[in-house]
1. Consider residue 12 against the criteria (1) closer than 20 Å to residue 119 by Cα; (2) loosely packed, with under 10 Cβ neighbours inside 10 Å; (3) of a type in the set (Phe, Trp, Tyr): it satisfies all of them except one. Which criterion is unmet?
2. Looking only at region 76-95, how many residues end up being charged (D, E, K, R) and within 16 Å of residue 65 (Cα to Cα)?
3. Which condition from (1) out of contact with any Gly (no Cβ under 7 Å at 6 or more places or on another chain); (2) under 15 Å from residue 68 (Cβ atoms) is the one that residue 98 breaks?
4. For the list (1) touching a helix residue (DSSP H, G or I) at 6+ places or on another chain (Cβ under 6 Å); (2) at pLDDT below 90, I need the number of the one condition that residue 109 fails.
5. Count, please, the residues in region 64-104 that happen to be over 16 Å from residue 124 (Cα atoms), touching a helix residue (DSSP H, G or I) at 6+ places or on another chain (Cβ under 8 Å) and outside any helix (DSSP H, G or I).
6. Name the single residue that is surrounded by the fewest Cβ atoms within 10 Å (Cβ to Cβ) among those in region 30-56 being within 19 Å of residue 77 (Cα to Cα) and touching a residue at least 40 places away in the same chain (Cβ under 8 Å).
7. For region 29-58, what are the residues that are over 22 Å from residue 80 (Cβ atoms), in a helix (DSSP H, G or I) and polar (S, T, N, Q)?
8. May I ask you to verify whether residue 42 is touching a helix residue (DSSP H, G or I) at 6+ places or on another chain (Cβ under 9 Å) and modelled with pLDDT of 90 or more?
Amino acid sequence: MVRSSTYRTSKYSAKIVGDVIKNRIDAQKDSMVSQQTTIFADMASFEQAVKTLLEGHNVPTTLIPFYLSFARQCYKITNTHAGTTAHDEICLRIADWGATCRGLYKPYLAEIADEVFSVDCYDCT
């Protein structure tokens, strides 16, 4: 059954009423906060590990935020993929972040993937 554009518009309009959105968020807030608390703890620990690793290589502090961004992408990949898929996805990110426009050192990216996220990507560099 095809629905008319008027019906779709009225349904969408009802959905975006501020009170409706507020009630949905209020109902799910505790669950959302508890889920994010775990993730924030994980992020703090792996970001500290990456920063320590980079400081050991005397990476300029201006580049550290970019390496941390790469690490966040690795975190997301390792939470959704495993094995060969995770390896290949991280290799794509290494190629992206190591490209001349980004200018990050590929062996450091591979070391982050290996040491922090246990994905051996040295063959990608």
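The values are calculated or read from the model by the stated rules, or taken from the named source; none is laboratory data. Bear in mind the structure is a predicted one, so any value in this text is a computation, not a measurement. Heads up, the Cβs are rebuilt from the backbone with ideal geometry, glycines too, and the neighbour counts pull from every protein chain shown.
1. The failed condition is (1).
2. 1
3. (2)
4. (2) is the only condition that residue 109 fails.
5. 2
6. 49
7. 48, 52
8. Considered against the rule, which asks whether it is touching a helix residue (DSSP H, G or I) at 6+ places or on another chain (Cβ under 9 Å) and modelled with pLDDT of 90 or more, residue 42 comes out as yes.
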